[in-house]
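Visitor: So that we are looking at the same thing, I have put the structure below in structure tokens.
The values are calculated or read from the model by the stated rules, or taken from the named source; none is laboratory data. If you're wondering where the values come from, they're calculated on a predicted model, not measured in any experiment. As a convention, Cβ positions derive from the backbone with ideal geometry for all residues, glycine included, and neighbour counts pool all protein chains shown. The protein model used for the area step is the full one, side chains on, heavy atoms only, and it has no ligands, DNA or RNA in it. Shrake-Rupley method; radii C 1.70, N 1.55, O 1.52, S 1.80 Å.
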Amino acid sequence: MTIIVLIKQVPDMEKVKFDREKGRIDRSSAGTEINPFDLNALEAALVIAEKTSSKVVAVSMGPPQAEESLREAIARGADEGILLSDAKFGGSDVKATSGILSAAIKKIGSYDLIIAGIQTVDGDTGQVGPEVAGILNIPHISNVESIKDFTEESIDVVSNVWEGQYLKRGKYPLLMTVTKDVNVPRLPNFKNKMKARKAEITKWDSSHLIDIIDESRLGVKGSPTKVKKIEVPAQSQREGKIFKDSGSEAVLEMLDVFKKSRVLNKEV
Ligand SMILES: Cc1cc2nc3c(=O)[nH]c(=O)nc-3n(C[C@H](O)[C@H](O)[C@H](O)COP(=O)(O)OP(=O)(O)OC[C@H]3O[C@@H](n4cnc5c(N)ncnc54)[C@H](O)[C@@H]3O)c2cc1C
């Protein structure tokens with residue numbers, strides 16, 4: 001079996017700044033890491049691969065430095081990494097991103113299972129996984145929170161949608177998106193770190209995908225989404241008050257706060 005894991009390198013969201021004029025994240029303003037949910041996707045792939053002798057291929061679209069995240073994926077156990085990088089991919093919205101990833105998957109050719117994170121911590125749309133499945137015309141299961149069983153033909157999972165839990169069986173080829181509850185990602189080990197250092201990362205630019213996806217569907221040209229404005233919400237300050245030796249006063253004030261914030265809506 002071949003399992004493809006979609007991995008996005010994201011900025012450290014605690015530190016990143018926003019380019020308000022262009023309506024974009026200024027990705028150069030902070031360090032990067034693998035999108036946390038994609039580590040869960042990778043772990044799911046590795047567990048399945050270990051029991052089915054499958055190959056795990058990590059695929060990432062991003063700037064040249066996204067190569068680091070593919071090396072990290074190999075250090076954690078992936079077999080191969082493919083980087084999709086080209087100035088023409090820059091400015092891609094969800095539609096263009098999904099188109100480029102799907103083109104690369106078509107170029108890989110044979111695959112059984114594609115695993116993506118439920119969402120990213122930067123773009124956060126949660127649309128790329130299902131959209132890739134749509135373009136490839138394969139079924140998908142989103143919000144997978146646990147994997148119950150799998151064979152070389154199908155997988156049984158629990159998918160959590162709007163607080164409802166659904167036990168589903170998907171036959172390959174299939175795409176699924178996973179939540180953080182699906183597993184605990186393993187850390188890189190020494191052997192794989194050495195392998196990752198020497199690994200040859202396959203690099204594809206637009207010329208490698210030209211027979212599959214037209215240039216008009218790449219980057220800004222292929223992106224119908226236009227960000228008009230970005231606003232960073234003001235951080236509300238936590239408020240606290242200490243009551244000493246006045247328990248009843250504290251209770252009355254707390255009740256007042258609960259009523260104002262509608263935690264309580266009846267007279268007590
Ligand atoms: C007008 C516009 C311009 C933009 N320009 C840029 C830009 O120049 N550079 C840029 O980085 N972003 C840019 N973005 C953001 C970009 O569109 C999104 O980051 C991208 O489409 C993925 O969407 P998301 O982050 O919401 O992913 P989600 O749908 O939340 O991601 C779900 C899962 O899909 C997979 N996935 C998502 N993105 C990738 C990827 N790139 N490679 C591999 N797997 C992936 C991961 O498994 C992830 O967990 C732009 C957005 C807009 C609207």
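Visitor: Based on what the data block shows, is Glu231 within 30 Å of Asp86 (Cα to Cα), of a type in the set (D, E, K, R), within 24 Å of the chain's Cα centre (by Cα) and within 16 Å of the ligand (Cβ to nearest atom)?
Guide: yes
Visitor: Here's another thing I want to ask about it. Condition first: over 13 Å from Gly99 (Cβ atoms) and part of a helix (DSSP H, G or I). Now tell me which residues in segment 201-219 satisfy that.
Guide: Listed by number, the residues that qualify are Ser207, His208.
Visitor: Looking only at segment 36-75, count how many residues are over 19 Å from Lys107 (Cα atoms), of a type in the set (Lys, Arg) and out of contact with any helix residue (DSSP H, G or I) (no Cβ under 6 Å at 6 or more places or on another chain).
Guide: 1
Visitor: Just name the residue that is farthest from Val227 (Cα to Cα) out of those in segment 1-27 that are out of contact with any helix residue (DSSP H, G or I) (no Cβ under 7 Å at 6 or more places or on another chain), of a type outside the set (Val, Ile, Thr) and within 11 Å of the ligand (Cβ to nearest atom).
Guide: Arg27
Visitor: Do any strands (runs of 3 or more DSSP E) lying entirely in segment 110-200 carry at least 2 residues that are without any contact (Cβ under 8 Å) to a residue 40 or more places away in the chain and open to solvent by 70 Å² or more (accessible area, probe 1.4 Å), and which ones are they?
Guide: 140-150, 164-171
Visitor: Limited to segment 16-59, what total is found for residues that are within 18 Å of the chain's Cα centre (by Cα), within 26 Å of Glu152 (Cβ to Cβ) and not in a helix (DSSP H, G or I)?
Guide: 4
Visitor: Does Pro11 meet the test of being surrounded by fewer than 22 Cβ atoms within 10 Å (Cβ to Cβ) and in contact (Cβ under 8 Å) with a residue 60 or more places away in the chain?
Guide: It is true that Pro11 is surrounded by fewer than 22 Cβ atoms within 10 Å (Cβ to Cβ) and in contact (Cβ under 8 Å) with a residue 60 or more places away in the chain.
Visitor: Restricting to segment 69-94, name every residue that is buried (at least 19 other Cβ atoms within 10 Å of the Cβ), of a type in the set (Asp, Glu) and either under 16 Å from Ala41 (Cβ atoms) or out of contact with any Ser or Thr (no Cβ under 7 Å at 6 or more places or on another chain) (or both).
Guide: Hits for segment 69-94 are Glu72, Glu80.
Visitor: Within the group Ile3, Ile100, which residue is buried (at least 23 other Cβ atoms within 10 Å of the Cβ), within 19 Å of Val178 (Cβ to Cβ) and modelled with pLDDT of 95 or more?
Guide: Ile3
Visitor: On the basis of being under 13 Å from Thr202 (Cα atoms) and in a helix (DSSP H, G or I), does Ala96 make the cut?
Guide: no
Visitor: So for segment 241-264 (the condition being in a loop (DSSP other than H, G, I, E, B), under 28 Å from Ile25 (Cβ atoms), of a type outside the set (D, E, K, R) and modelled with pLDDT under 80), does at least one residue qualify?
Guide: No, there is no match, as no residue in segment 241-264 is in a loop (DSSP other than H, G, I, E, B), under 28 Å from Ile25 (Cβ atoms), of a type outside the set (D, E, K, R) and modelled with pLDDT under 80.
Visitor: To continue, here is another question. Can you name the condition, by its number, that Gly222 falls short on among (1) assigned to a loop (DSSP other than H, G, I, E, B); (2) at negative phi; (3) open to solvent by 50 Å² or more (accessible area, probe 1.4 Å)?
Guide: (3)
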